[in-house]
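Asks: Take a look at this one; I'll ask things after.
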Amino acid sequence: MLEVIITRSSLTKHRPWFDHPENPGRVSKILDTLKRMGSVTYRVWSDVTDIGEAVDVASRVHSRDYIERLIDISKRGTALLDGDTYIASDSLELALESFLLSYRFASELRGVSFLVIRPPGHHAGKRGRTRGVSSNGFCLLNNAAAGVLGFRHRGFKNIAILDFDVHYGNGTMEIFYRERILHIDLHQHPDTLYPYTGYPDEIGEGEGFGFKANFVFQPYTGDDSYTAALDYVGDLLSRYQPDALVVSAGFDGYADDGLADLSLSEASYYRLGRLVKDLGVPTLVVLEGGYTRGLEEGFRAFIEGLAGLDKSYTPTTSPRGVARFNEQVNRGVYEQLAKRVG
Ligand SMILES: [Zn+2]
């Protein structure tokens, strides 16, 4: 069963006071996409959040210092956390609501729940920005990590994370880098895009060693090369046999979405949706990036795949050198992990 939840507050709160791609209009776009689709039901969520409980749960992922810093900054009304990330007076409130909702849904859901929430979270590490990067990349609290806690709360041990935002989920990776959680992250090659980490040889440490997969794609990668890597992803997931899955869903790899250089189209997002559906385990999907066309065509195709609708899309093609490079690197990533995960 698939349920799509849109939070009412993400349509109004956390508004930039200057031109910024991460704004409430993103969720309006998704709402319009769902209305146009017609075939998928969705709920608009307007329950009020217990801020105290949200802060308690957030303190299990993020340091107290970091949360207190966010609270202090919020009191100023409007401020920049860094060059990319703004905080308005109600931003932290929205971030806490999204975070707690991720935790609660994972604690209870049976099928697949897609939370259309803001702000995104996968760049937020334990203390905010992490792994040597200069900004939080629009993120405040890590919603995917909240999902993992929710699944653990109900006793699941084998949890997997799949992050297909075009940027590397460095925050989520830092949080679980030393834990035995299969974390698969597909992103544009870190030589060419923020946050400039997430190389194929970063495969975890301690208990987490051999459970972190960074599949990377050169600029101009099309659906042909991207979906070839999805075969590896599907294989790793079926070897690992997760009890539950958290998906960080970003649609900014869609061609001309605006912040990156991949040339993906419906074919890739539909395949991703099918892959998640076919796994057949309790799944929490949280919205990460996606700013323009990705939230229309990319989101729609992903939902079609998740819902198991029968669709066929013509894949975009990659320049030959790009496809060859991706295949060589990503086969290596797969081979490194396959023997440990299975
Ligand atoms: Zn992104």
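Asks: Tell me which of these Arg152 doesn't satisfy, since it passes every other one: (1) open to solvent by less than 20 Å² (accessible area, probe 1.4 Å); (2) away from the ligand (no atom under 16 Å from the Cβ).
Replies: (1)
Asks: Pick from the stretch 155-181 the residues that are in a loop (DSSP other than H, G, I, E, B) and surrounded by 24 or more Cβ atoms within 10 Å (Cβ to Cβ): which of them is farthest from the ligand (Cβ to nearest atom)?
Replies: Checking each candidate, the answer is Ile181.
Asks: What number of residues in the stretch 312-337 are in a loop (DSSP other than H, G, I, E, B) and more than 30 Å from Phe211 (Cβ to Cβ)?
Replies: Our first condition is that a residue be in a loop (DSSP other than H, G, I, E, B); within the stretch 312-337, this holds for 312-319.
Going one step further and asking which of them are more than 30 Å from Phe211 (Cβ to Cβ), we end up with 312-314, 316-317, 319.
Residues flagged as in a loop (DSSP other than H, G, I, E, B) and more than 30 Å from Phe211 (Cβ to Cβ) within the stretch 312-337 amount to 6.
Asks: Is it the case that Asp223 is buried (at least 24 other Cβ atoms within 10 Å of the Cβ) and either of a type in the set (A, V, I, L, M) or more than 17 Å from the chain's Cα centre (by Cα) (or both)? Write out each step before concluding.
Replies: On the way: buried (at least 24 other Cβ atoms within 10 Å of the Cβ): yes; either of a type in the set (A, V, I, L, M) or more than 17 Å from the chain's Cα centre (by Cα) (or both): yes.
Spelling it out, Asp223 is indeed buried (at least 24 other Cβ atoms within 10 Å of the Cβ) and either of a type in the set (A, V, I, L, M) or more than 17 Å from the chain's Cα centre (by Cα) (or both).
Asks: Which condition number in (1) open to solvent by less than 10 Å² (accessible area, probe 1.4 Å); (2) under 23 Å from Thr172 (Cα atoms) is the one that Ile303 fails?
Replies: (2)
Asks: Among the numbered criteria (1) open to solvent by less than 10 Å² (accessible area, probe 1.4 Å); (2) hydrophobic (A, V, I, L, M, F, W, C); (3) in a helix (DSSP H, G or I), which single criterion is violated by Leu115?
Replies: Condition not satisfied by Leu115: (3).
Asks: Condition (residue is free of Cβ contacts under 8 Å to residues at least 60 places away in the same chain and either more than 25 Å from Ser318 (Cβ to Cβ) or more than 16 Å from the ligand (Cβ to nearest atom) (or both)) applied to the stretch 218-231: is it met by at least one residue?
Replies: So far as the stretch 218-231 goes, yes, one or more of its residues are free of Cβ contacts under 8 Å to residues at least 60 places away in the same chain and either more than 25 Å from Ser318 (Cβ to Cβ) or more than 16 Å from the ligand (Cβ to nearest atom) (or both).
Asks: Right, next: If you go through the stretch 182-194 one residue at a time, how many are within 16 Å of the ligand (Cβ to nearest atom), out of contact with any helix residue (DSSP H, G or I) (no Cβ under 7 Å at 6 or more places or on another chain) and over 16 Å from Gly137 (Cα atoms)?
Replies: Qualifying residue count, the stretch 182-194: 1.
Asks: Search the stretch 281-327 for residues being in contact with a helix residue (DSSP H, G or I) (Cβ under 6 Å, 6 or more places away or on another chain) and within 16 Å of the ligand (Cβ to nearest atom), and hand back the single one that is nearest to Gly121 (Cα to Cα).
Replies: So, considering only residues that are in contact with a helix residue (DSSP H, G or I) (Cβ under 6 Å, 6 or more places away or on another chain) and within 16 Å of the ligand (Cβ to nearest atom), the one nearest to Gly121 (Cα to Cα) is Val286.
Asks: Also: Determine the pairs where a residue that is open to solvent by less than 10 Å² (accessible area, probe 1.4 Å) and acidic (Asp, Glu), located within the stretch 232-255, has a partner that is at pLDDT 95 or above and away from the ligand (no atom under 16 Å from the Cβ) with Cβ atoms under 9 Å apart, the partner being 6 or more residues away or on another chain.
Replies: none
Asks: If Ala54 meets every condition in (1) of a type in the set (Gly, Ala, Ser); (2) in contact with a Gly (Cβ under 6 Å, 6 or more places away or on another chain); (3) open to solvent by less than 60 Å² (accessible area, probe 1.4 Å) apart from one, which number is that one?
Replies: Going through the list (1) of a type in the set (Gly, Ala, Ser); (2) in contact with a Gly (Cβ under 6 Å, 6 or more places away or on another chain); (3) open to solvent by less than 60 Å² (accessible area, probe 1.4 Å), Ala54 breaks only (2).
Asks: Sort out which residues of the stretch 182-194 are assigned to a loop (DSSP other than H, G, I, E, B) and without any contact (Cβ under 8 Å) to a residue 60 or more places away in the chain, and write them in order of number.
Replies: Filtering the stretch 182-194 for residues assigned to a loop (DSSP other than H, G, I, E, B) gives 189-194.
His189, Pro190, Asp191, listed by residue number.
Asks: Kindly list the number of the only condition in (1) within 16 Å of the ligand (Cβ to nearest atom); (2) touching a residue at least 24 places away in the same chain (Cβ under 8 Å); (3) open to solvent by 30 Å² or more (accessible area, probe 1.4 Å); (4) not hydroxyl-bearing (Ser, Thr, Tyr) that fails for Glu93.
Replies: (1)
The values are calculated or read from the model by the stated rules, or taken from the named source; none is laboratory data. Because the structure is predicted, anything quoted here is derived from the model rather than measured. All Cβ positions, even for glycine, are placed from backbone atoms using ideal geometry, and neighbour counts span all protein chains on display. Just so you know, the surface numbers come from the protein's heavy atoms only, side chains and all, with ligands and any DNA or RNA stripped out. Shrake-Rupley method; radii C 1.70, N 1.55, O 1.52, S 1.80 Å.
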